[in-house]
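Each remark here refers to the structure printed beneath this line.
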Amino acid sequence: MKKALLAMLFGSALVLGACGGGNDSDKDKSATDTTTTENNKTDNTADNNKTDESTSNSTAKVDAEAVTQQKCISCHGNELQGAVGPDLRKIGSQLSEDQIKDVLKNGKGNMPAGLVEGDELDAVAKWLSEKK
């Protein structure tokens, strides 16, 4: 009886041990990315008087539709027709680009905040605001 109990305990420990973790590589990657970002910073103080063409160019380089397909369709549907989240096919007639940015940054209702950030946020907000 004791051997059977001990065997069950040992088997349970093995199963539970095999189920844990698994995302350690993401943590290691983010630590590496942070270090790389810190090492790649440059001083742009001489460029402060120039117009910010790099921001508009980088926003143009982001494929907003691809970002939307990757990060939005699970709730808004593959054609943005709505599912768990609302229909976005004509969202530009209801919300301005700034209002869309606010929803993307801060979330609204069941939508979590921060699903897209930076250039992706700007590009997706602009793209959605043009859907009228």
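The values are calculated or read from the model by the stated rules, or taken from the named source; none is laboratory data. Bear in mind the structure is a predicted one, so any value in this text is a computation, not a measurement. FYI the Cβ positions are ideal-geometry reconstructions off the backbone, even for glycines, and counts take in every protein chain you see.
Overview of results
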read-out	value
Close pairs from the range 107-132: first over 19 Å from Lys90 (Cβ atoms), partner in a loop (DSSP other than H, G, I, E, B) and of a type outside the set (A, V, I, L, M, F, W, C), Cβ under 6 Å, at least 6 apart	Ala113/Gly107
Scan of the range 88-100 for residues that are loosely packed, with under 14 Cβ neighbours inside 10 Å and either hydroxyl-bearing (Ser, Thr, Tyr) or in contact with an Asp or Glu (Cβ under 6 Å, 6 or more places away or on another chain) (or both), ordered by number	Ser93, Ser96
Hits in the range 101-132 - residues which are crowded, with 18+ Cβ neighbours inside 10 Å, over 15 Å from the mean Cα position of the chain (by Cα) and either of a type in the set (A, V, I, L, M) or modelled with pLDDT under 95 (or both)	Leu128
Subset of the range 81-113 (residues that are more than 15 Å from Lys126 (Cβ to Cβ) and hydrophobic (A, V, I, L, M, F, W, C))	Ala83, Val84, Met111, Ala113
